[in-house]
Amino acid sequence: QVQLVESGGGLVQPGGSLRLSCKISGEIPSAHAIGWARQAPGKQRELVAHITSGGNTNYRDSVKGRFTISRDNARNTVYLQMNNLTPEDTAVYYCRITSVEATYWGQGTEVTVSS
C-alpha cells in the first residue's frame, strides 16, 4: 500500500508563489510516474505535471514556464513549485502515483489565488 500526503496549499495573491509537497510512504514501485493534478470547482480533474522514475518531466501547456515539478528521493517527497499564480490556478491539488500495478491518490491540498 502506498500513501500520499499533500501539504503547502493556501491563499496567495495573483502573481505570488507556493510550493506544494507530496510525502510518499509505503512500497513505491520501481517503475512509476508521480503527478500533480488539480480540480477546480465545477470542473474535471486535470493533470498539470508529472515526473517519471527516470526523472523525465511533462507539463500542461497552461502551466509551462510557471510550475516546476521535482523530487527528493531521499525524503520520498515530490514538490510542485508554482510561480506567477493566477486566479485560474485556484483548485484543489492532488498528488498521484501510477504504475502498472495501481494508481494512488492523496487527499488534496487547496490553493486559492485571490486578491
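The values are calculated or read from the model by the stated rules, or taken from the named source; none is laboratory data. Keep in mind the model is a prediction, meaning the values are calculated, not measured. Ideal geometry is used to build each Cβ from the backbone, glycine not excepted, and the neighbour counts take in all protein chains shown. Ligands, DNA and RNA are stripped out before the accessible areas are found, and what is left, the full protein with its side chains, is counted by its heavy atoms. Shrake-Rupley method; radii C 1.70, N 1.55, O 1.52, S 1.80 Å.
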Accessible area of the chain belonging to carbon and sulfur atoms, whole % at 1.4 Å probe: 44
Along the Cα-to-Cβ line of SER114, 7 Å from the Cα, sits a label point; which residues in region 1-28 have backbone N less than 11 Å from it? 11-12
Which Cα, out of ALA74, SER30, SER62, lies furthest along the positive dipole direction of the chain (beta carbon charges, K/R +1, D/E -1)? SER62
Each residue of region 24-30 in order: what ³J(HN,Hα) in whole Hz does its phi give by Karplus 6.51 cos²θ - 1.76 cosθ + 1.60, θ = phi - 60°, with x for Gly and Pro? 10, 10, x, 8, 8, x, 5
Ratio Rg/Rh [Cα only; Rh per Kirkwood] for the chain: 0.95
Dipole magnitude of the chain about its Cα centre, charges +1 at Lys/Arg Cβ and -1 at Asp/Glu Cβ only, in debye to the nearest 20? 140
Work out, step by step, the length gained on full extension between ARG75 and TRP105: first 0.36 nm times the residue separation, then minus their alpha carbon distance; give nm to one decimal. 9.0 nm
For TYR59, what accessible area in Å² do you get when you roll a 1.4 Å probe over the heavy atoms of the protein chains, rounding to the nearest 10? 50
Distance between region 61-97 and region 1-58 - C-alpha centres, whole angstrom: 6
Rounded to the nearest 0.05, what FRET efficiency do GLN1 and GLN39 have when you use their Cβ-Cβ distance and R0 = 22 Å? 0.40
Compute the whole-percent fraction of alpha carbon pairs in region 1-67 spaced more than 16 Å apart. 60
Leaving out ligands and nucleic acids, and using a 1.4 Å probe, what accessible area per residue does region 21-95 come to in Å²? 52
